[in-house]
């Protein structure tokens, strides 16, 4: 029986490459493609594929949000394909799902397709998907991926830079992307501020503005009634009025634990 695969990735070249590989794999065929999460939800519902090759880090509606919107009970088997290996721990907690890190070898992606096609169905698969998308406070599986995987993977042309989470001074929102500020360097990360806020260690990072997350150990000074913070790098970061109390409380906790 032929396995029908929906290919979802916001990068046209990656999407084309995966479709080519699926079409060339005996027993599999391409049911369709989607270049964003919103379209993926629509096509999963209308095309009813047997399996989805699903990018995680997509602008707006990411891979995990696709699973939420379709609903675990209706979601087909999934192989996650992404350049961000900090998601691997979360994906590997669900044994029914595959995970392939980009750039991938054809043989590895084919093996993941075969494993996923043979994965459990029905209630077992739905339960696995439920555990995958559960908020950290409701899941006892493990701490956040960023807490366990102490680095970000950042694409720079054909290179992949490994940026330690501990080196990040602050993170600046840039639409569907985020900018990692590390000393005098900045790195563009294909994740939203909301996604980062949910998985960063709250004992170390705090969102102080809709467009700013700071590393608490990097705070050097508060200015103008805590409306701004000065970091050790010298960067000046604004603080929203609604977040000043949380900042004061977090810095008080940080000071009791370790000197700033």
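Which condition from (1) surrounded by 15 or more Cβ atoms within 10 Å (Cβ to Cβ); (2) without any contact (Cβ under 8 Å) to a residue 60 or more places away in the chain; (3) within 22 Å of residue 62 (Cα to Cα) is the one that residue 210 breaks?
(1) is the only condition that residue 210 fails.
Looking at residue 81 and the list (1) in contact with a helix residue (DSSP H, G or I) (Cβ under 8 Å, 6 or more places away or on another chain); (2) without any contact (Cβ under 8 Å) to a residue 60 or more places away in the chain; (3) closer than 29 Å to residue 161 by Cβ, which single condition is not satisfied?
Among (1) in contact with a helix residue (DSSP H, G or I) (Cβ under 8 Å, 6 or more places away or on another chain); (2) without any contact (Cβ under 8 Å) to a residue 60 or more places away in the chain; (3) closer than 29 Å to residue 161 by Cβ, residue 81 violates only (2).
Which ones in segment 173-196 are surrounded by 15 or more Cβ atoms within 10 Å (Cβ to Cβ) and farther than 19 Å from residue 230 by Cα?
Hits for segment 173-196 are 176, 177, 178, 187, 189, 190, 191, 192, 193, 195, 196.
Which of the following residues is modelled with pLDDT of 90 or more and out of contact with any helix residue (DSSP H, G or I) (no Cβ under 9 Å at 6 or more places or on another chain): 219, 208, 230? If you could, list the steps in order and put the result at the bottom.
Details: 219 fails: out of contact with any helix residue (DSSP H, G or I) (no Cβ under 9 Å at 6 or more places or on another chain); 208 fails: out of contact with any helix residue (DSSP H, G or I) (no Cβ under 9 Å at 6 or more places or on another chain).
None of the other options fit; the residue is 230.
Does any residue of segment 249-259 turn out to be modelled with pLDDT under 90, part of a loop (DSSP other than H, G, I, E, B) and surrounded by 14 or more Cβ atoms within 10 Å (Cβ to Cβ)? I'd like the intermediate steps shown before the answer.
The first filter runs over segment 249-259 and keeps only residues modelled with pLDDT under 90, leaving 249-259.
With part of a loop (DSSP other than H, G, I, E, B) added as a condition, the list becomes 258-259.
From what's left, surrounded by 14 or more Cβ atoms within 10 Å (Cβ to Cβ): none.
No, that holds for no residue.
How many residues are within 16 Å of the chain's Cα centre (by Cα) and free of Cβ contacts under 8 Å to residues at least 40 places away in the same chain if we restrict to segment 175-186? Step through it out loud before you land on a result.
Taking segment 175-186 first, the residues within 16 Å of the chain's Cα centre (by Cα) are 175-180.
Right, trim to free of Cβ contacts under 8 Å to residues at least 40 places away in the same chain and you get 178-180.
Summing the residues that are within 16 Å of the chain's Cα centre (by Cα) and free of Cβ contacts under 8 Å to residues at least 40 places away in the same chain in segment 175-186 gives 3.
Answer with yes or no whether residue 165 is in the same structural domain as residue 151 (by TED's automatic domain parsing) and under 25 Å from residue 56 (Cα atoms). Break it down stepwise before answering.
Working: in the same structural domain as residue 151 (by TED's automatic domain parsing): yes; under 25 Å from residue 56 (Cα atoms): yes.
Yes: the conditions hold for residue 165.
Wholly within segment 138-199, which strands (runs of 3 or more DSSP E) include no fewer than the required count, namely at least 3 residues that are within 22 Å of residue 101 (Cα to Cα) and modelled with pLDDT under 85? It would help to see each step written out before you state the result.
Details: elements: 151-156, 159-164, 170-174, 177-182, 185-189.
Where strands (runs of 3 or more DSSP E) fall fully within segment 138-199 and carry at least 3 residues being within 22 Å of residue 101 (Cα to Cα) and modelled with pLDDT under 85, they are 151-156, 159-164.
Taking segment 39-58 on its own, how many of its residues are within 18 Å of the chain's Cα centre (by Cα) and surrounded by fewer than 15 Cβ atoms within 10 Å (Cβ to Cβ)? Steps first, please.
Filtering segment 39-58 down to residues within 18 Å of the chain's Cα centre (by Cα) leaves 40-41, 52-58.
Retained after the next criterion (residues that are surrounded by fewer than 15 Cβ atoms within 10 Å (Cβ to Cβ)): none.
So the answer is 0.
Tell me the residue from 30, 3 that is closer than 16 Å to residue 117 by Cα, surrounded by fewer than 21 Cβ atoms within 10 Å (Cβ to Cβ) and at pLDDT 95 or above, please. Spell out the reasoning first.
On the way: 3 fails: at pLDDT 95 or above.
Only one candidate passes the filter, namely 30.
The values are calculated or read from the model by the stated rules, or taken from the named source; none is laboratory data. In this text, all values refer to a predicted model and were calculated from it rather than measured experimentally. When we count neighbours, we look across all protein chains shown, and the Cβ atoms used for this are built from the backbone with ideal geometry, even at glycine.
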